Amino acid sequence: MTRLALPLLLVLGVAAAAGADDAKALARRYSAAKGSWERRALVEGLDANDPGARKFLLGVLAKEPWYQREGAIEALARLEDEAVWKKLLKERKPPVLEGVARALGKRGGQGAGAALSGGAQALTSLEELLGHKSWQVRRAAAIALRGVLVPGSIPALIKAWEEEKDFRVWIHCLESLEALSGEADLPRAQDWRSWWEAKQSSFSFSSRPKKTSGERIRTQARGTNLELKTRGRGLPLLVLPEYGYEQLYLETYLRDLEDTNQLLYLSLPGAADFTDPKLSPAPGLPDPYYPIARLVESLEALHAQLVAEKKIQDQPFAILAHGMTAWIAMQYAAKHPQRVRKMILIAPYSGGEAWGAGRDRVEAKGRELKDPEMEHFAQSQLYEGYEAQSDEETTALERKEFSLYFADQRDLEIGRIFGPIVTKTENGEEWEARQIARALGTVVIPEFKLGDLPRVKVPALVCHGDHSVRTSLEDAGVVAKHFGGKVLRFKKSARMPFYEEHEGFLKAARKFLR
């Protein structure tokens, strides 16, 4: 992950010596910092071995947004005093203990240093936290063990999963087991138990395989390169991630739908994937429109291919679409209603007008909250709108955009999904981007208006989160009415109800898809 340059830390006066300041002085300096990246630099640059700095860091863990909490975790991971670690592990506030667990995992993953910094000691402490009453703390321990490369981490995660009822925790036991072992396609805890009993005597982290769960499908349909990942069994459910994002976040939180459906996670094709014919600039514009109608026909051909190859049942798709890509699902249903069994549309817009109204609400909310990054992000979405003044601000606006999908801005899961900066390959060229970002090329989003599509009766479940600023309950009703469907409200969610209220979402989705 790219680090902020040292000169910025020095300008802010938070080199290692700054840890000598007391918590109140640090809080004043934190409030005076202009951008979220400056506040992060201050937090991450502190010396957690200093009592005043450590008190300030614990305050950040308790109340601040996820990005600053991540900085506090990085700072705490450098803590060396064993006695202080033991004290921190007795913290009573779940948000603080959650951060302590994540920091301990980072420190334990280094496998060196003071007694509690080693992998074995980190494992012992994290095992205890796997039994904590707070699900956020248990989740943090499961994620933290992903970086603790000692053999005991594997049976600890298996045991935790066997005793865990909350999906939001046990899914991370599963994903940590896959990351630690290199194994895949072991969907149940008992499968992992049997695997470990057979492999534990010969297992080595240095020689672990590199397997990926599910089957990857790469094909071309009507001149469009398509890539999917399929897992599960049952009736086919085509999953369309939000425009500009990878499908990874959906893979995690739709995983227990794979018990009843075969999920086909589509990687949205970029401009270069439309090859025959290639895209041409839109009239009067330097760039092409993103060809939604053409993609619909490619997906229609894809269905026929997959049935012929016996990769899916010969049944119409059910479709789950998130955000703007619901436009693809809507056009598919309008054009080929016989091929769409049911639709789950999460945080959709009825068209460009509704999208624009949502943008206006975000800008107004940013002004109300005195949040310039929220306001500037909204302004940046206008044609010839706001332009970031630095690379740091550009990244900050990207963070803000993704954060607004969630009701609780403190949630560390936002940062985990948003991910580090990684190297990606697109059309043979390497580039750096956030883990969540998907390059689609330079395209123009075409005008869309649901009212222009023919009305067809396709069972539709439209999911709306009451904390969403970008979408509205009224517009969700417009979408549902067009297809003769219904709106399902989630009172504790923004635009990620499949995560934020997973149990309620899963129950409704299973009932609807059955």
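Taken as a whole, the stretch 361-378 holds no residue that is over 24 Å from the mean Cα position of the chain (by Cα) and touching a residue at least 40 places away in the same chain (Cβ under 8 Å).
The condition (being touching a residue at least 40 places away in the same chain (Cβ under 8 Å), on the phi < 0 side of the Ramachandran plot, among the acidic types (D, E) and surrounded by 23 or more Cβ atoms within 10 Å (Cβ to Cβ)) is satisfied by just one residue among E258, E242: E242.
Please work out if M374 is buried (at least 18 other Cβ atoms within 10 Å of the Cβ) and within 15 Å of E242 (Cα to Cα). Lay out the reasoning, then the answer.
Working: buried (at least 18 other Cβ atoms within 10 Å of the Cβ): yes; within 15 Å of E242 (Cα to Cα): no.
Against the criterion (buried (at least 18 other Cβ atoms within 10 Å of the Cβ) and within 15 Å of E242 (Cα to Cα)), M374 does not qualify.
Out of G131, G59, I need the residue that is closer than 30 Å to E197 by Cβ, surrounded by fewer than 23 Cβ atoms within 10 Å (Cβ to Cβ) and without any contact (Cβ under 8 Å) to a residue 60 or more places away in the chain. Which one? Walk me through it before giving the result.
On the way: G59 fails: closer than 30 Å to E197 by Cβ.
Testing whether each residue is closer than 30 Å to E197 by Cβ, surrounded by fewer than 23 Cβ atoms within 10 Å (Cβ to Cβ) and without any contact (Cβ under 8 Å) to a residue 60 or more places away in the chain leaves just G131.
Among the residues of the stretch 261-292 satisfying the criterion of being of a type in the set (G, A, S) and exposed (fewer than 11 other Cβ atoms within 10 Å of the Cβ), which is nearest to the chain's Cα centre (by Cα)?
Step one: list which residues in the stretch 261-292 are of a type in the set (G, A, S), which gives 267, 270-272, 280, 282, 284.
From what is left, the residues that are exposed (fewer than 11 other Cβ atoms within 10 Å of the Cβ) are 280, 284.
Details: S280: 32, G284: 36 Å.
The extreme case among them is S280.
Listed here are the residues, each with its yes/no results for (1) part of a helix (DSSP H, G or I); (2) within 25 Å of T124 (Cα to Cα); (3) in contact with a Lys or Arg (Cβ under 8 Å, 6 or more places away or on another chain); (4) at pLDDT 95 or above.
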residue	(1), (2), (3), (4)
A25	yes, no, no, no
A48	no, yes, yes, yes
F56	yes, no, no, yes
A62	yes, yes, yes, yes
R69	yes, yes, yes, yes
E74	yes, yes, yes, yes
E80	no, yes, no, no
K87	yes, yes, no, yes
V96	yes, yes, no, yes
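Among the residues of the stretch 299-322, just one is in contact with a Lys or Arg (Cβ under 7 Å, 6 or more places away or on another chain), crowded, with 21+ Cβ neighbours inside 10 Å and either among the small types (G, A, S) or at positive phi (or both), namely A318.
Out of all the residues in the stretch 463-489, which are out of contact with any Lys or Arg (no Cβ under 7 Å at 6 or more places or on another chain) and of a type in the set (V, I, T)? Scanning the stretch 463-489 gives V478, V479, V487.
Conditions first: (1) open to solvent by less than 20 Å² (accessible area, probe 1.4 Å); (2) assigned to a helix (DSSP H, G or I). A357 passes all but one, so which condition is the exception? Failed condition: (1). Scanning the stretch 396-453 for residues that are in contact (Cβ under 8 Å) with a residue 60 or more places away in the chain, in a strand (DSSP E or B) and open to solvent by less than 60 Å² (accessible area, probe 1.4 Å) yields I421, E426, A437, V444.
On the given criteria, is R489 in contact with an Asp or Glu (Cβ under 8 Å, 6 or more places away or on another chain) and either of a type in the set (A, V, I, L, M, F, W, C) or closer than 27 Å to T260 by Cβ (or both)? Lay out the reasoning, then the answer.
Details: in contact with an Asp or Glu (Cβ under 8 Å, 6 or more places away or on another chain): yes; either of a type in the set (A, V, I, L, M, F, W, C) or closer than 27 Å to T260 by Cβ (or both): yes.
Yes.
Checked against (1) part of a helix (DSSP H, G or I); (2) of a type outside the set (S, T, Y); (3) modelled with pLDDT of 90 or more, Q121 passes all but a single condition, namely (3).
This table checks each residue for (1) in contact with a strand residue (DSSP E or B) (Cβ under 9 Å, 6 or more places away or on another chain); (2) of a type in the set (G, A, S); (3) closer than 21 Å to R255 by Cα.
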residue	(1), (2), (3)
V456	yes, no, no
V462	yes, no, yes
H467	yes, no, no
T471	yes, no, no
V487	yes, no, no
M496	yes, no, yes
F505	yes, no, yes
K511	no, no, yes
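Of everything in the stretch 225-239 that is farther than 21 Å from E503 by Cα and charged (D, E, K, R), the residue that is surrounded by the fewest Cβ atoms within 10 Å (Cβ to Cβ) is E227. Residues in the stretch 189-210: is at least one within 30 Å of V96 (Cβ to Cβ) and modelled with pLDDT of 95 or more? Yes, that holds for at least one residue.
Once the stretch 473-491 is narrowed to residues that are buried (at least 17 other Cβ atoms within 10 Å of the Cβ) and under 16 Å from G451 (Cβ atoms), the residue that is nearest to the chain's Cα centre (by Cα) is A476. Residues in the stretch 33-46 that are open to solvent by 50 Å² or more (accessible area, probe 1.4 Å) and either modelled with pLDDT of 95 or more or touching a Pro at 6+ places or on another chain (Cβ under 8 Å) (or both): R39 alone.
Quick check on G270: is it small (G, A, S), over 22 Å from V462 (Cβ atoms) and out of contact with any His (no Cβ under 9 Å at 6 or more places or on another chain)? So G270 fits the description; yes. Please determine whether any residue of the stretch 167-180 is surrounded by fewer than 19 Cβ atoms within 10 Å (Cβ to Cβ) and in a loop (DSSP other than H, G, I, E, B). Checked against the condition, which is being surrounded by fewer than 19 Cβ atoms within 10 Å (Cβ to Cβ) and in a loop (DSSP other than H, G, I, E, B), the stretch 167-180 yields no hits at all. Of all residues in the stretch 470-514, exactly one satisfies the criterion of being acidic (D, E), part of a helix (DSSP H, G or I) and farther than 25 Å from A357 by Cα, namely E503. Per the listing L157, L126, L149, the residue uniquely within 23 Å of S206 (Cα to Cα) and open to solvent by 40 Å² or more (accessible area, probe 1.4 Å) is L149.
The values are calculated or read from the model by the stated rules, or taken from the named source; none is laboratory data. Fair warning: this is a prediction, and the values are worked out from it, not measured in the lab. Heads up, the Cβs are rebuilt from the backbone with ideal geometry, glycines too, and the neighbour counts pull from every protein chain shown. Quick note on the areas: whole protein, heavy atoms, side chains included, nothing else; ligands and nucleic acids left out. Shrake-Rupley method; radii C 1.70, N 1.55, O 1.52, S 1.80 Å.
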